[in-house]
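Reviewing the structure listed below.
The values are calculated or read from the model by the stated rules, or taken from the named source; none is laboratory data. Given the structure is predicted, the values throughout are model-derived calculations rather than measurements. Counting neighbours? That spans all protein chains shown, and the Cβs are built from the backbone with ideal geometry, glycine included.
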């Protein structure tokens, strides 16, 4: 189906009141946040709609009822594709999706430059955790863990990895550059945004954190939110995951990141 076509259910076509985007990096809790937001009856939150290999719609619209076009059409007409996302709101007043820095450059620039699109910046303070989770996901092929699964997949709880310290350095620099660039661009154009961390999402004040996000995207009642994803790898210490943990510890023990080595 072309993105210029009309879906069978014309009632889907009513532009949402609030459009938002989650700007994040892989393994920073974005699956958790998107699933959490999408559980609210007044929010439609898609996942990686600009993933290289697939258009990841929200969890409840992956049965074929929503088809905004092919990957080729999406990549060629990214602005029209995004507008279709807003239009197909399924009765929700707030509609959004997540996007990563290594995905569609024109789409990222469009959402960052558009003042009408609200921005939720999601980061993970523990770079070691996000990096090891990324490497583990690539190694095991497990990128999410849904609560509705009959039993959690324990493959990722047994796998160990060896960290390339130079690659980790590049990863940290890339993360810092991305978030710094996004903040600078938003602040220089006087745009509002909400910044939240993975640690905030799961911390002791998570209810107020969730409500702050809802307030920003103009939705009420955080008590309607439901968790759809489980954490991954959080039950193991880094020393249990990383074969060369002693090398990692030695390199970063006197840095600002040292506090995260044992978390």
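For the range 94-109, what are the residues that are out of contact with any strand residue (DSSP E or B) (no Cβ under 6 Å at 6 or more places or on another chain) and either part of a loop (DSSP other than H, G, I, E, B) or more than 13 Å from residue 49 (Cβ to Cβ) (or both)? Passing the criteria: 100, 101, 102, 103, 104, 105, 106, 109. Among the residues examined, residue 146 qualifies as over 15 Å from residue 197 (Cβ atoms), modelled with pLDDT under 90 and surrounded by 12 or more Cβ atoms within 10 Å (Cβ to Cβ).
Among the residues of the range 189-213, just one is in a helix (DSSP H, G or I) and closer than 18 Å to residue 101 by Cβ, namely 198. Number of residues in the range 40-89 that are assigned to a loop (DSSP other than H, G, I, E, B) and under 25 Å from residue 122 (Cα atoms): the value is 15. Across the range 224-239, not a single residue is classified as at pLDDT 90 or above, surrounded by 15 or more Cβ atoms within 10 Å (Cβ to Cβ), closer than 27 Å to residue 162 by Cα and within 19 Å of the chain's Cα centre (by Cα). The combined condition, being touching a strand residue (DSSP E or B) at 6+ places or on another chain (Cβ under 9 Å) and surrounded by fewer than 19 Cβ atoms within 10 Å (Cβ to Cβ), is fulfilled by residue 54.
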